[in-house]
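Peer 1: After the structure tokens below, expect a handful of questions from me.
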Amino acid sequence: MNALTLPDIAVQASRQALPLEWVGMCGIALPVLFDGQRLVAKADAGVSLDDGEARGIHMSRLYLALEQLEQETLSPPVLRRVLQRFLDSHPGISSRASVKIHTDLLLKRPALISPLAGWKTYPVTIEAHLKNAMFHVELKIDVPYSSTCPCSAALSRQLIQQQFITDFANTSLQHADVLAWLGSTKGIVATPHSQRSIAQLHLRLDDFLDELPLIAIINDAEAALGTAVQTAVKRADEQAFALANGQNLMFCEDAARRLNQALKRAPGINAFHIRVVHAESLHAHDAVAESRWNWEVA
Ligand SMILES: Nc1nc2c(ncn2[C@@H]2O[C@H](COP(=O)(O)OP(=O)(O)OP(=O)(O)O)[C@@H](O)[C@H]2O)c(=O)[nH]1
């Protein structure tokens, strides 16, 4: 039997000489390691095709370079090594490399009062770029929280005052009567509307970080908002959550400003673009605010 050489189309000259900004693969299944856990991820990996004469890149070389992410905890130095391997395996035809990893970070969160805890997922994208010797990492993190409308709270308080006037007109106030009234449904004749909301954080990290500060950023964002959605909940936790909402009444503008201040203080962040989305229960549409810091608008 004749030994046949396998045809290699990628090394042929392109009929139409044209460099390409990005060529690669999207949606590669990849188990990654982070925070001692194995996470199910999808990766997009690619390089620029600077040599317009070259027919194609070598996809298998990028694919195989990703194997490193199976074995080592996700970190900027590991991502940099992977990208360097992308470029080293495409000598003379590629000068830029990128990888995006989409996963759900799974964190165990304690209840507000009871000794319970439960799991919460945070959708995360880790994106790394290498161009010449310039390397940077960006993170996208979705943080869910609760927001209670401050305007609705004020309007509700007014209705409660009106109810109080109606119920106690021309009567001498007795402490016990007022206390009983406050504990009845009349004492909360109107309630403000709240909504499940989402903070979409897009952050550019400082160069030369050794670790991905994902958990610290989530903790900072949740502390700034004060109303993180809960996991395991007993009545004591629900009451504490009601108090947290009442003490942190928020328009979407308030949420964006709180996050802006918190993330500017957080170490390791070079620039950010925040978008908060309040899935209004008053409206059938969302209330949205955005804030940027050091962020170049394309
Ligand atoms: N460049 C490119 N390759 C593709 C595409 N779709 C599928 N492939 C296949 O990806 C496979 C891997 O490509 P290479 O990495 O060049 O494979 P190879 O030539 O065996 O590997 P090397 O010897 O390292 O070059 C090939 O069989 C290609 O046909 C595409 O759209 N572009």
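The values are calculated or read from the model by the stated rules, or taken from the named source; none is laboratory data. Keep in mind that this is a model prediction, so the values were computed, not measured. Here the Cβ is made from the backbone with ideal geometry for all residues, glycine too, and neighbour counts use every protein chain on show. When the accessible area is computed, the model is the full protein with side chains, heavy atoms only, and any ligands, DNA or RNA have been set aside. Shrake-Rupley method; radii C 1.70, N 1.55, O 1.52, S 1.80 Å.
Peer 1: Of everything in segment 54-63 that's under 17 Å from Gly27 (Cβ atoms) and open to solvent by 20 Å² or more (accessible area, probe 1.4 Å), which residue is farthest from the ligand (Cβ to nearest atom)?
Peer 2: Taking the candidates together, the pick is Tyr63.
Peer 1: Then there is this: Taking the condition of being in contact with a Lys or Arg (Cβ under 8 Å, 6 or more places away or on another chain), touching a residue at least 60 places away in the same chain (Cβ under 8 Å) and open to solvent by less than 30 Å² (accessible area, probe 1.4 Å), how many residues in segment 273-295 meet it?
Peer 2: Restricting attention to segment 273-295, the residues satisfying the condition of being in contact with a Lys or Arg (Cβ under 8 Å, 6 or more places away or on another chain) are 273-274, 279, 288-291, 293-295.
So of that shortlist, the ones also touching a residue at least 60 places away in the same chain (Cβ under 8 Å) come out as 273-274, 279, 294-295.
Among the residues that remain, those that are also open to solvent by less than 30 Å² (accessible area, probe 1.4 Å) are: 274.
Of the residues in segment 273-295, 1 are in contact with a Lys or Arg (Cβ under 8 Å, 6 or more places away or on another chain), touching a residue at least 60 places away in the same chain (Cβ under 8 Å) and open to solvent by less than 30 Å² (accessible area, probe 1.4 Å).
Peer 1: Would you mind telling me which numbered condition in (1) more than 15 Å from the ligand (Cβ to nearest atom); (2) touching a helix residue (DSSP H, G or I) at 6+ places or on another chain (Cβ under 9 Å); (3) closer than 24 Å to Ile141 by Cα Val40 fails?
Peer 2: Unmet for Val40, out of (1) more than 15 Å from the ligand (Cβ to nearest atom); (2) touching a helix residue (DSSP H, G or I) at 6+ places or on another chain (Cβ under 9 Å); (3) closer than 24 Å to Ile141 by Cα: (2).
Peer 1: Moving on to the next point. Kindly provide the set of residues from segment 26-37 that are aliphatic (A, V, I, L, M) and either in contact with a strand residue (DSSP E or B) (Cβ under 6 Å, 6 or more places away or on another chain) or within 12 Å of the ligand (Cβ to nearest atom) (or both), ordered by number. Don't jump to the end; show me each part of the working.
Peer 2: Step one: list which residues in segment 26-37 are aliphatic (A, V, I, L, M), which gives 28-30, 32-33.
Answer for segment 26-37, where residues must be aliphatic (A, V, I, L, M) and either in contact with a strand residue (DSSP E or B) (Cβ under 6 Å, 6 or more places away or on another chain) or within 12 Å of the ligand (Cβ to nearest atom) (or both): Ile28, Leu30, Val32, Leu33.
Peer 1: On to the next question. Scan segment 15-37 for residues that are loosely packed, with under 15 Cβ neighbours inside 10 Å, under 18 Å from Glu72 (Cα atoms) and more than 19 Å from the chain's Cα centre (by Cα) and jot them down.
Peer 2: Result: Ala29, Pro31, Gly36.
Peer 1: Could you identify the single residue in Ala133, Ala111, Ala97 that is surrounded by fewer than 18 Cβ atoms within 10 Å (Cβ to Cβ) and among the hydrophobic types (A, V, I, L, M, F, W, C)? I'd like the intermediate steps shown before the answer.
Peer 2: Values: Ala111 fails: surrounded by fewer than 18 Cβ atoms within 10 Å (Cβ to Cβ); Ala97 fails: surrounded by fewer than 18 Cβ atoms within 10 Å (Cβ to Cβ).
Ala133 is the lone residue from the list that is surrounded by fewer than 18 Cβ atoms within 10 Å (Cβ to Cβ) and among the hydrophobic types (A, V, I, L, M, F, W, C).
Peer 1: Of all residues in segment 66-77, which are under 15 Å from His129 (Cβ atoms) and either within 16 Å of the ligand (Cβ to nearest atom) or surrounded by fewer than 18 Cβ atoms within 10 Å (Cβ to Cβ) (or both)?
Peer 2: If we filter segment 66-77 for residues that are under 15 Å from His129 (Cβ atoms), which is where we start, we get 76-77.
Pro77 - this is the single residue of segment 66-77 that is under 15 Å from His129 (Cβ atoms) and either within 16 Å of the ligand (Cβ to nearest atom) or surrounded by fewer than 18 Cβ atoms within 10 Å (Cβ to Cβ) (or both).
Peer 1: Further, regarding this structure: Considering each residue of segment 19-38, count those that are more than 24 Å from Ala54 (Cβ to Cβ), of a type in the set (Asp, Glu) and assigned to a strand (DSSP E or B), and give that number.
Peer 2: Residues meeting the conditions: 0.
Peer 1: Limited to segment 78-107, what total is found for residues that are within 11 Å of the ligand (Cβ to nearest atom) and either closer than 25 Å to Ile218 by Cβ or within 25 Å of the chain's Cα centre (by Cα) (or both)?
Peer 2: Count: 0.
Peer 1: List pairs: first in segment 25-47 and β-branched (Val, Ile, Thr), second open to solvent by 60 Å² or more (accessible area, probe 1.4 Å) and assigned to a strand (DSSP E or B), Cβ under 7 Å, 6+ apart or cross-chain?
Peer 2: Taking only residues 6 or more apart or on different chains, the pairs are Ile28/Lys42; Val47/Arg96.
Peer 1: Before we move on, is Ala242 farther than 13 Å from Ile198 by Cα, crowded, with 16+ Cβ neighbours inside 10 Å and out of contact with any Asp or Glu (no Cβ under 6 Å at 6 or more places or on another chain)? Steps first, answer last, please.
Peer 2: Working: farther than 13 Å from Ile198 by Cα: yes; crowded, with 16+ Cβ neighbours inside 10 Å: no; out of contact with any Asp or Glu (no Cβ under 6 Å at 6 or more places or on another chain): yes.
Criteria not met by Ala242.
Peer 1: Restricting to segment 212-237, name every residue that is surrounded by 15 or more Cβ atoms within 10 Å (Cβ to Cβ) and charged (D, E, K, R).
Peer 2: Scanning segment 212-237 gives Asp220, Glu222, Asp237.
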